[in-house]
1. Go through ALA33, ALA61, ALA87 and say which Cα lies farthest out towards the positive end of the charge dipole of segment 1-101; charges sit on Cβ, +1 for Lys and Arg, -1 for Asp and Glu.
2. How big is the dipole moment of the chain about its Cα centre under a simple scheme where the beta carbon of each Lys and Arg is +1, that of each Asp and Glu is -1, and everything else is neutral? Debye, nearest 20, please.
3. In nm, to one decimal, how far is the ALA408 label point from the THR218 one, both placed 7 Å along Cα→Cβ?
4. Stretch ALA87-GLU239 to full length: gain in nm at 0.36 nm per residue minus the Cα-Cα span?
5. What ratio of Cα Rg to 2.2 N^0.38 Å holds for the chain?
6. Note down the nm distance, to one decimal, between modelled labels 7 Å out along Cα→Cβ at ASP356 and at THR452.
7. What is the spread of the Cα atoms of segment 153-292 along each of their three principal axes, largest first, in whole Å?
8. Roughly how many Å is it from the Cα centre of segment 429-463 to that of segment 103-177, as a whole number?
Amino acid sequence: VSKRIFFFSPLAEHALRPGFFQAFNAQQIANLAWAFGALGIMHSDMMAALAERVAEPSCLATLGPRDVAHISWAFATLHIYNSNMMAGLASCLMQDDFFLRCNHIDIALTVWAFATLGIRNQPLMARLSEQVMLDDFLPTFNSRDITMVMWAFATLGVHDDALMTALAERCMQADVLATFNAHSLATASWAFATLGITNEALLTAIADQALVDGVLRTAAPQAIGNIAWAFATFGFKHEKLMAGIAKRVMNDNFVSTLQSQDVANLAWAFASLDIEHDRFMSIIAEHTMQGDFLSAFSPEEFIMVVWAFATVGMKNDELMEGVARQIMQQDRLSTLTAQGVSMISWSFATLEIRDDVLMQGIASRAVGDGILETFGPQSLANTAWSFATLGVRHEGLFHRLADHAVQADLVPTFAPQAVAMTVWAFAKLGIRDDALTDAMVARASVPEFLGTFTAQELAMTAW
């Protein structure tokens, strides 16, 4: 790498001489950008000068599809966003006949680049979608092209069911599916899950291909985590696939390569799909507690992990204590949302682990500015139930929750479970709030609503 930089640095300085770029034609500019991007060599001044040249109308007018693809790909690879240049490239792409001159590589590289740079150009994405779905165009797509386009649309949050369905059908063709490796399978499943587009045939095909001998064995940690997360997001329980994922994680010390997001995705997925695998979860817990690994977790990842262990009923005091210490750090505690407060407190209560310092910290966060108002019925009920289950009496929190439920007119939206959990929690701790009680009585007195209560919910409410 040092030798490359040694060569390319003087090259860049040479290119920066006044007027030098004016002599470059479109292909030369594209090739220079591609070279720096391919080698991962960042030279800010040269790339800025190059972007300025590309954005000139005289240059834009001469760019071909591969030029646009290579230039945008290079800047995205180097994480350089130049608004003028990218707007100019978008204008090229929107010309009437430009897409007709593109091939599958041009499309894949270009859309990947725009998504990587976070550029959500709806008209451009629509035109690109139309081109991809042409009868004679989509059959030219290989696994790499397919997943790059899927990833781009999902990353930008562009919902195009017709395009995604067409890409899925191309993906499921036997000769194409056979070329998918673990990374491609993970990208495809992640994209559909992120966009919330259900395609059970595709998920089945992905699982079948993942179970082909050698595919999971060569999978990287992120791919394993993303596949599990995607299937769990859809609630698509594929026993053989999840067993294969567990085997991959538990063999050859693979678990030691997992990052915090991988751990969170895997634990959450197994719990969400109600897959009992004590050895797998124990190995995940042991890895999580190694050294200072917990310090790498984000609040969202902590929530996924503790929820997972609580959901499967696996009590690990050391893990939960470590998580509690990390959550109590101000930079994490202060970022918890109402859902985060609810899920963490619920997890500790479900596992019957009382940590007074954590619960006091959570209570303080819950009544903090701008948080209380975001509590919905279930988050409020879960939080109240958790404090009551652990026997942690915090009148200030409970009265604030009651005031919010009444004043925000939330009570009429409470489901039977939320009503039962909330009134039980207040009664369990001996905290009386007449306004909340009256509102709950009015809610539960509606015959049609009362008829939906289970026996347990009726018992809790009556108690």
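1. ALA33
2. Computed charge dipole of the chain: roughly 800 debye.
3. Placing both labels 7 Å along Cα→Cβ, they lie 5.1 nm apart.
4. On the way: separation 152, 0.36 × 152 = 54.72 nm, distance 4.71 nm.
Contour length minus Cα-Cα distance gives 50.0 nm.
5. Here the Cα radius of gyration is 1.20 times the empirical estimate.
6. Taking the two extended label points, one gets 4.0 nm.
7. Sorted largest first, the three principal extents are 46, 31, 24 Å.
8. Their Cα centres are 51 Å away from one another.
The values are calculated or read from the model by the stated rules, or taken from the named source; none is laboratory data. The model shown is predicted, which means the values in this text are computed figures rather than measured ones. When we count neighbours, we look across all protein chains shown, and the Cβ atoms used for this are built from the backbone with ideal geometry, even at glycine. Note: accessible area is taken over every heavy atom of the protein model, side chains too, but ligands, DNA and RNA are not part of it. Shrake-Rupley method; radii C 1.70, N 1.55, O 1.52, S 1.80 Å.
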